[in-house]
Amino acid sequence: VLTSTGAGSPPAFEAAASAPWVLIKNVTASNDSAVSFIHGTASVVVDSTYPTYVIIIRNLTPATDTQDLFMRYSQGGSIITTSKYSFHTDGGGSNVAAGTGNSNADNQDRFTLNGQDMMALDNNAASSFDATITISNPSGSTTRTNCYWHCAYSDTATSVHGRNGVGSYVNDSTAVDGFSFYMQSGNITTGTFSLYGISN
């Protein structure tokens with residue numbers, strides 16, 4: 001890129017700064033039982049290339065009404081189903097009393113992105129679930145893989161809800177090499193999932 005070298009000096013060409021966000025993979029769901037990003041599969045990279053990974057979910061609609069959206073990690077290419085996930089969510093909705101949107105859960109077999117026993121997702125085509133999920137240092141082998149997320153969606157009463165969540169795969173510091181999303185029951189009818197790597 002052509003860069004200024006100061007007043008009175010001619011400009012000079014310098015190497016362009018690398019983009020901090022790199023799109024790794026887009027997946028568009030079409031009545032899928034799960035949407036997964038696993039390292040080494042279908043051009044997916046989840047390793048030490050990036051210290052932080054972000055997944056953006058847009059316009060997700062479940063096939064079955066009143067269901068939760070779950071997330072799991074993978075290790076060694078296999079989805080982790082053991083009960084070592086702990087998470088906390090807080091938030092609320094336009095049709096619920098203030099202060100009633102918190103949930104806590106230890107030793108689960110998945111993260112619940114819309115919160116434990118909170119308002120579930122609506123399968124109406126006009127409704128959607130949108131979220132941004134950040135995963136810190138999944139390739140690390142000395143620390144647990146933490147994540148945090150923000151989401152907005154409509155429930156079955158067409159009221160809007162928001163959740164902030166944090167989660168960790170506790171009692172295990174083995175490197176994580178993938179992420180998988182699925183509904184409590186039924187398939188994911190539609191939705192776009194984008195995996196990004198963020199460089200330092």
> Quick check: anything in segment 152-169 in contact with an Asp or Glu (Cβ under 6 Å, 6 or more places away or on another chain), closer than 20 Å to ILE79 by Cα and part of a loop (DSSP other than H, G, I, E, B)?
Replying inline: no
>> Checking TRP21 against (1) of a type in the set (Phe, Trp, Tyr); (2) at pLDDT 95 or above; (3) open to solvent by 40 Å² or more (accessible area, probe 1.4 Å): exactly one of these is not met. Which one?
In response: (2)
> Quick one: which of THR5, THR81, THR49, THR64 is closer than 18 Å to SER194 by Cβ and either in a loop (DSSP other than H, G, I, E, B) or modelled with pLDDT under 95 (or both)?
Replying inline: THR49
> Within segment 143-159, can you find the residues that are aromatic (Phe, Trp, Tyr), buried (at least 21 other Cβ atoms within 10 Å of the Cβ) and closer than 13 Å to PHE87 by Cβ?
Replying inline: TRP149
> What number of residues in segment 53-66 are surrounded by fewer than 17 Cβ atoms within 10 Å (Cβ to Cβ) and under 24 Å from SER136 (Cα atoms)?
Replying inline: 2
> On the given criteria, is SER168 open to solvent by less than 30 Å² (accessible area, probe 1.4 Å), among the small types (Gly, Ala, Ser) and over 16 Å from GLY92 (Cβ atoms)?
Replying inline: yes
> Would it be correct to say that THR174 is open to solvent by 40 Å² or more (accessible area, probe 1.4 Å) and without any contact (Cβ under 8 Å) to a residue 40 or more places away in the chain?
Replying inline: no
>> Just to verify a result, which residue in segment 123-142, among those that are without any contact (Cβ under 8 Å) to a residue 60 or more places away in the chain and either among the hydroxyl-bearing types (Ser, Thr, Tyr) or crowded, with 22+ Cβ neighbours inside 10 Å (or both), is nearest to LEU195 (Cα to Cα)?
In response: SER141
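The values are calculated or read from the model by the stated rules, or taken from the named source; none is laboratory data. If you're wondering where the values come from, they're calculated on a predicted model, not measured in any experiment. Glycine also receives a Cβ, built like all others from the backbone with ideal geometry; neighbour counts cover every protein chain displayed. Side chains included, ligands, DNA and RNA excluded: accessible areas come from the protein's heavy atoms. Shrake-Rupley method; radii C 1.70, N 1.55, O 1.52, S 1.80 Å.
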